[in-house]
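Trainee: Please find one structure pasted underneath; my questions will follow.
The values are calculated or read from the model by the stated rules, or taken from the named source; none is laboratory data. Computed from a predicted model, the values in this text were never measured in an experiment. So basically every Cβ, Gly included, is an ideal-geometry build from the backbone, and we count neighbours across all protein chains shown.
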Amino acid sequence: MNTAEIRRRFLDYFATRGHEVVPSAPLLYNDPTLLFVNAGMVPFKPYFTGAETAPFDRATSVQKCVRTLDIEEVGKTTRHGTFFQMNGNFSFGDYFKAEAIRYAWELVTGSQDAGGLGFDPERVWVTVLHSDDEAAALWANIAGLPAERIQRRGLLDNYWHMGIPGPGGPCSEIYIDRGPAYGRDGGPVVDEDRFLEIWNLVFMQEELSTVRAKDDFDTLGDLPRKNIDTGMGLERVALLLQDVDNLYEIDQVFPVIQRAVELSGRRYGRGGDDGRQDDVRMRVVADHIRSSLMLIADGVTPGNEARGYVLRRLLRRTVRSMRLLGVHDPVLPELLPVSRDAMGAAYPEVVENFDRIAGIAYGEEDAFRRTLTTGTQIFDLAVSDAKTAQQPQLSGERAFQLHDTYGFPIDLTLEMASEQGLSVDADGFRRLMQEQRDRAKADAKSKKAGAASTEVYRELRALGLTPFTGYEELVTESRVRG
Ligand code: ATP
Ligand code: MG
Ligand code: MG
Ligand code: MG
């Protein structure tokens, strides 16, 4: 079943059950606590917090999401994209736990002939919050799941709140067992590669007065109107229903891997250590190309402030990964149109605006190629110095300087050094990186405490970024708002 069909089935299922079909909001959304929309509920936040009254009692959407926090997972796990689409159904003070569970079960296990997704009920496992006996009982009664397949977990895994006073509540997550070929038996608590999380149901039932941490907060009592917020990973369902190994092999993503194979002349999925490394690079390329396409389509341009920097990093990482695959010519003109063709049916705007999108992307590649050229000159100098001094190694200082001053990525330095028969003082490099990070941390600490709690801060930290203007602006805004 292709991704478009799964999307259609999801929306149809909930539309038939009285849900308003709401189009995806753009990735750049008016929410200063976020870099990009990262969940289906984001555009509905004002309805959940009570700031605004929802114009409908129930809604459904397929929301474009970008999660920069997941960037390091890409290509290594089977299930994380920087861009992905979240299917959701939402109740604003209308139906609650029983109906949310009933709908989810019916859609997941309903036969494909009758509009369902057709998963074998025997492969479904769920988790609930340890204290949520109600949800556990509903799963047993509605779905007939045995106790073993209703696993209980703590607040860290199965409780949702926004990190600030407001609505919160337990979650229940749905997993599909991919079978023994993918890992150990025993359910998602034991192995999350084998048991793939596809859907998170959030039961917003209480109001929090103080939030100290994800698992440390005070509650005021039940919300007068309880809400449902769910998120199903469209790509995850697609990878299961298309019977492929991972998210990067679904219909909307794989054509870019195939193009990378043609361009590099290397095989995908050939096994062995080198093969695995190439596979990860190709998956990174396919993921990042798609995210870049969707981000530029929604108005992001490469730059040095927070959002632009994420895009810049995605594009540069693509170019760099292709270099490591042996492709030194410009790659974006080869890859971006392939992604456009894979995404265009679902998002006509990437076709309509392709000239503008391509101009921005190709310009960034040109600029990065110039950086690489300058960096290469500095690198060559460092090599001849080392050789003259008869040292088998490039110093950590040189590697750091290349990285810090010339934006020359360390893995490229490593690779090029080894081509010259030299190693790199990686410990020295790491020490200098750490010193830089410590300086950044001390700098961040000296700023107001409120900063540390925002999602933006976490995202930027995960990217290894030091605070800069864009970050300051965002944090200031969110402080004013909070
Ligand atoms: P995981 O534990 O696998 O990282 P999550 O618990 O962080 O997922 P949620 O925040 O619960 O994910 O988001 C709801 C759903 O969105 C998930 O159940 C999953 O199907 C999907 N999803 C989340 N992150 C990603 C991602 N990076 N790529 C693709 N799908 C995702
Ligand atoms: Mg996650
Ligand atoms: Mg999870
Ligand atoms: Mg989850």
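The rows are residues; the columns are (1) closer than 17 Å to Ala297 by Cα; (2) surrounded by fewer than 19 Cβ atoms within 10 Å (Cβ to Cβ); (3) away from ligand 4 (no atom under 16 Å from the Cβ).
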position	(1), (2), (3)
Tyr29	yes, yes, yes
Lys64	yes, no, yes
Thr68	no, no, yes
Thr78	no, no, no
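Trainee: Which of the numbered conditions does Gly81 fail, given that it passes all the others? Conditions: (1) at pLDDT 95 or above; (2) away from ligand 3 (no atom under 16 Å from the Cβ); (3) small (Gly, Ala, Ser).
Mentor: Result: Gly81 fails condition (2) only.
Trainee: Now, a different point. Considering only residues of segment 160-174 that are closer than 21 Å to Trp125 by Cβ and surrounded by fewer than 22 Cβ atoms within 10 Å (Cβ to Cβ), which is farthest from ligand 3 (Cβ to nearest atom)?
Mentor: In this case the residue turns out to be Trp160.
Trainee: Of all residues in segment 387-407, count the ones that are touching a helix residue (DSSP H, G or I) at 6+ places or on another chain (Cβ under 6 Å) and part of a helix (DSSP H, G or I).
Mentor: So the answer is 7.
Trainee: Within segment 178-189, can you find the residues that are more than 15 Å from ligand 3 (Cβ to nearest atom) and within 22 Å of the chain's Cα centre (by Cα)?
Mentor: Result: Arg178, Tyr182.
Trainee: In segment 96-111, how many are surrounded by fewer than 19 Cβ atoms within 10 Å (Cβ to Cβ) and either in a loop (DSSP other than H, G, I, E, B) or not hydroxyl-bearing (Ser, Thr, Tyr) (or both)?
Mentor: Result for segment 96-111: 7.
Trainee: Moving on to the next point. Could you check how many residues of segment 208-245 are within 12 Å of ligand 4 (Cβ to nearest atom) and not in a strand (DSSP E or B)?
Mentor: Of the residues in that region, 1 qualify.
Trainee: For segment 293-314, which positions are under 21 Å from Val351 (Cβ atoms) and in contact with an Asp or Glu (Cβ under 9 Å, 6 or more places away or on another chain)?
Mentor: Within segment 293-314, Ala297, Asp298, Thr301, Leu311, Leu314 qualify.
Trainee: Could you grab me the full set of residues in segment 189-207 that are part of a strand (DSSP E or B) and either within 10 Å of ligand 4 (Cβ to nearest atom) or touching an Asp or Glu at 6+ places or on another chain (Cβ under 7 Å) (or both)?
Mentor: Phe195, Glu197, Ile198, Trp199, Asn200, Leu201, Val202, Met204, Gln205, Glu206
Trainee: Looking at Gly275, Gly363, Gly359, which one is more than 21 Å from the chain's Cα centre (by Cα) and within 21 Å of Gly265 (Cβ to Cβ)?
Mentor: Gly275
Trainee: Test each condition in (1) surrounded by fewer than 16 Cβ atoms within 10 Å (Cβ to Cβ); (2) farther than 17 Å from Leu201 by Cα for Arg123 and report the one that comes out false.
Mentor: So the condition that Arg123 fails would be (1).
Trainee: Could you tell me whether any residue of segment 169-184 is away from ligand 2 (no atom under 16 Å from the Cβ) and either over 30 Å from Gln242 (Cα atoms) or in contact with a Cys (Cβ under 8 Å, 6 or more places away or on another chain) (or both)?
Mentor: Checking segment 169-184: at least one residue is away from ligand 2 (no atom under 16 Å from the Cβ) and either over 30 Å from Gln242 (Cα atoms) or in contact with a Cys (Cβ under 8 Å, 6 or more places away or on another chain) (or both).
Trainee: Return the pair list, or none, for Cβ contacts closer than 6 Å from residues in segment 126-137 that are over 14 Å from Gln205 (Cα atoms) to residues that are among the β-branched types (Val, Ile, Thr), at least 6 apart or on different chains.
Mentor: Here the result reads Val126/Ile150; Val126/Ile174; Ala136/Val128; Ala136/Ile150, each pair linking segment 126-137 to a residue that is among the β-branched types (Val, Ile, Thr).
Trainee: Looking at this structure, is Ser131 surrounded by 22 or more Cβ atoms within 10 Å (Cβ to Cβ) and modelled with pLDDT of 95 or more?
Mentor: No; evaluated as a whole, the condition is false for this residue.
Trainee: Related question: Among the residues of segment 277-291, are any among the small types (Gly, Ala, Ser) and more than 30 Å from Ala51 (Cα to Cα)?
Mentor: Yes, segment 277-291 has at least one match.
Table: residues versus (1) on the phi > 0 side of the Ramachandran plot; (2) among the polar types (S, T, N, Q); (3) surrounded by 23 or more Cβ atoms within 10 Å (Cβ to Cβ).
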position	(1), (2), (3)
Leu201	no, no, yes
Asp216	no, no, no
Leu220	no, no, no
Asp245	no, no, no
Glu249	no, no, no
Phe254	no, no, no
Gln258	no, yes, no
Arg283	no, no, yes
